[in-house]
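Participant: Quick one: this structure, given as structure tokens, is what I'll be asking you about.
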Amino acid sequence: MGAPHPRSPRPAGGAEAAFLPGPPASGATPGYRAPSCTQGGARRAGIMTDVHRRFLQLLMTHGVLEERGVRRLQKHCYRVHGRTTAVEELEDFINNINSVLESLYIEIKKGATEDDGRPVYALVNLATTPVSKMASDFAENELDLFRKALELIIDSETGFASSTNILNLVDQLKGKKMRKKEAEQVLQKFVQNKWLIEKEGEFTLHSRAILEMEQYIRETYPDAVKTCNICHSLLIQGQSCETCGIRMHLPCVAKYFQSAPEPRCPHCNDYWPHEIPEVFNPDKEREAGTSKANKKPSRSRQH
């Protein structure tokens, strides 16, 4: 993999608090950024109907949702407002909302989970003004704990940081002193607010965090940041070539090698030694959903 790069100085203090606005309520799994819904041309000014407004309000409550949840939400908003017209294409529907949100430095962004490639949508804050940086539901020492967890995650080879390693840094936090028991509760708060996700005592970034913080991570950790060799987006979890060291998201690995008789590194052509993962297949999921819906529940006969 080569020698480690020299590290560039990292900013201290609360400069990045902008990336931690209010908490959402539900979401998906950790993820990498996919192309924005608004790519491919200039965005036209949209008109917000009651349907769009209700959709936005409900999405703000969730913060981040898988695509199937977003589609259900869209249909729900059409039903609530008695719209009998055909449901607008999701991409056009979201582009319309984003054209209105643009001046507020807010955007609905599309991404995909790093582990299985499920499409997700998140409402993110793009503002960089000092006011937005202060708009946080977290205390100074809580934000500092997040920074330290983030740095451990970015520095790790696996994209995870153990709770033990994070908690060992509580004595170095800025602001009010924090006990380890309190720090454990704060970490769970970050999990509940969809900034971190926990797996077997280890923490990694949630989809929402990656979507909203990619630019900040690239600027703050330029010598440690990892990118996918296929999609060139920020990479937290993935596989790497043991010969040349390039990295790929698991969904990108699956897609790149899906028809290859023998998996070889796209950079150095050496044998790819890892297991090729199975990832999200929307067609299979639709088939499974249809099959489940068609199964009639058996009812016991009343005597």
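The values are calculated or read from the model by the stated rules, or taken from the named source; none is laboratory data. Treat the numbers as computed from the prediction; the structure is a model and nothing was measured. FYI the Cβ positions are ideal-geometry reconstructions off the backbone, even for glycines, and counts take in every protein chain you see. For accessibility, only protein heavy atoms count, side chains too; no ligands or nucleic acids. Shrake-Rupley method; radii C 1.70, N 1.55, O 1.52, S 1.80 Å.
Participant: Could you order the peptides 146-156, 219-229 from most to least packed, using the average number of other C-beta atoms within 10 Å per residue?
Facilitator: Taking the mean over residues of other Cβ atoms within 10 Å, the ranking is 146-156, 219-229.
Participant: Would you mind checking the pairs Lys181/Lys226; Lys177/Lys199; Lys148/Lys177; Lys177/Lys226; Lys174/Lys199 and listing those with alpha carbons more than 21 angstrom apart?
Facilitator: Lys181/Lys226; Lys177/Lys199; Lys177/Lys226; Lys174/Lys199
Participant: Can you give the accessible area per residue of region 157-278, in Å², using a 1.4 Å probe?
Facilitator: For region 157-278, the per-residue accessible area is 52 Å².
Participant: Can you pull the Kirkwood radius for region 96-226, inverse mean 1/r over Cα pairs, to one decimal in Å?
Facilitator: Kirkwood hydrodynamic radius for region 96-226: 15.8 Å.
Participant: Leaving out ligands, DNA and RNA, what percent of the accessible area of region 103-214 is carbon and sulfur, probe 1.4 Å?
Facilitator: 50
Participant: Listed highest first by mean packing, meaning other Cβ atoms within 10 Å per residue, what order do 251-261, 236-246 come in?
Facilitator: In descending order of packing, they fall as 236-246, 251-261.
Participant: Shifting gears a bit: With a point put 7 Å past each Cα toward its Cβ, work out how far Arg72 is from Lys180 in nm, to one decimal.
Facilitator: In this crude spin-label approximation the distance works out to 4.0 nm.
Participant: Another question, then. Let's test the formula: R0 of 35 Å, r as the Cβ-Cβ distance of Val87 and Lys199. What FRET efficiency results, to the nearest 0.05?
Facilitator: Efficiency for this residue pair is about 0.45.
Participant: So what are region 163-284's ellipsoid semi-axes, whole angstrom, largest first, if each one is the square root of 5 times an eigenvalue of the alpha-carbon gyration tensor?
Facilitator: Ellipsoid semi-axes (Å, largest first): 34, 17, 14.
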